[in-house]
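Take a look at the structure set out below.
The values are calculated or read from the model by the stated rules, or taken from the named source; none is laboratory data. As the structure is a prediction and not an experimental result, all values here were calculated from the model. Cβ atoms come from the backbone with ideal geometry, glycine included; neighbour counts cover every protein chain shown.
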Amino acid sequence: MAKTSKNILGDQSGKIGKVVGRVVNGVQLYSAYNNHNSNPRTPKQLAARARFKAVMRIAKPLNGVINIGLRLAAAGIPMTSPSNIFTRRNNRLILYDAESCVATPDYENLILSEGRTPYVDFGTASFAEAKTVKVPVSSSLDSEFGAFDDDTIYLAVYCPDRDECAIGTAKRTDSEVSVSLPPSWVGKTVYVWGFVRTSVDEDFLVESIGVKLHPNECSSTSYIGTGTIS
């Protein structure tokens, strides 16, 4: 930046070629013109912002689930939280409508957990009972494949209208996992996912498939479906 106290052309303000002039306390100042837009709004940038905003919005109510399902994924990366992993995994899955500039999560492919813990088979979610979601579960695997009776099944139920999430749990040996919901959810649409967390408390080699399970390791996420709370 340059300055001068006297200017034969008089006070100058605004863009002059590749510089910008302005007068401050009687002193003529010049600085290089910066053509960088501090708030760019190209279609690509608008889409990126909308996707990031959408994934951050859903990450907050799902934080309790994320801290379980993605805990191990974040553990080996310095200064990285499960929420950071969730954002990275799901930002690319956000659906964006360029015409309306609206971004929405791809609920069917949302990643709430990951790992090599054997999954369970989730049945169809039932919304028949008042303020309750029930899902039948079954597991055909055993300890030979790294599936243990004390493994925990998690059921995550998210209500976009309330921006809230509820969690239910069961054991691998149970035939059903359910979650009770607050009265404010009645009549609201919800989305349901499930996953399993291993019960091993130290590294365990599953010799039959050559996979080592770690404490807190989960299965991948299963999208169970959507429905309306009665």
Exercise for the section: Among the residues of segment 81-112, write down those that are within 17 Å of TYR223 (Cα to Cα) and among the charged types (D, E, K, R). Expected result: ARG89, ASP106, GLU108
Practice task
Residue by residue through segment 192-219, note down the ones that are under 17 Å from SER138 (Cβ atoms) and hydroxyl-bearing (Ser, Thr, Tyr).
Solution key: SER219
Practice task
Scan segment 129-142 and give yes if some residue there is of a type in the set (Asp, Glu), in the same structural domain as SER222 (by TED's automatic domain parsing) and in a strand (DSSP E or B), otherwise no.
Solution key: no
Handout entry: Where a residue in segment 78-97 is free of Cβ contacts under 8 Å to residues at least 12 places away in the same chain and its partner, wherever it lies, is not in a helix (DSSP H, G or I), with Cβ under 7 Å and at least six apart
Key = LEU95/ALA103; LEU95/THR104; LEU95/ASP106
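Kindly evaluate VAL186 against the criterion of being touching a residue at least 12 places away in the same chain (Cβ under 8 Å) and more than 16 Å from ILE68 (Cα to Cα). Break it down stepwise before answering.
Numbers: touching a residue at least 12 places away in the same chain (Cβ under 8 Å): yes; more than 16 Å from ILE68 (Cα to Cα): yes.
The answer is yes for VAL186.
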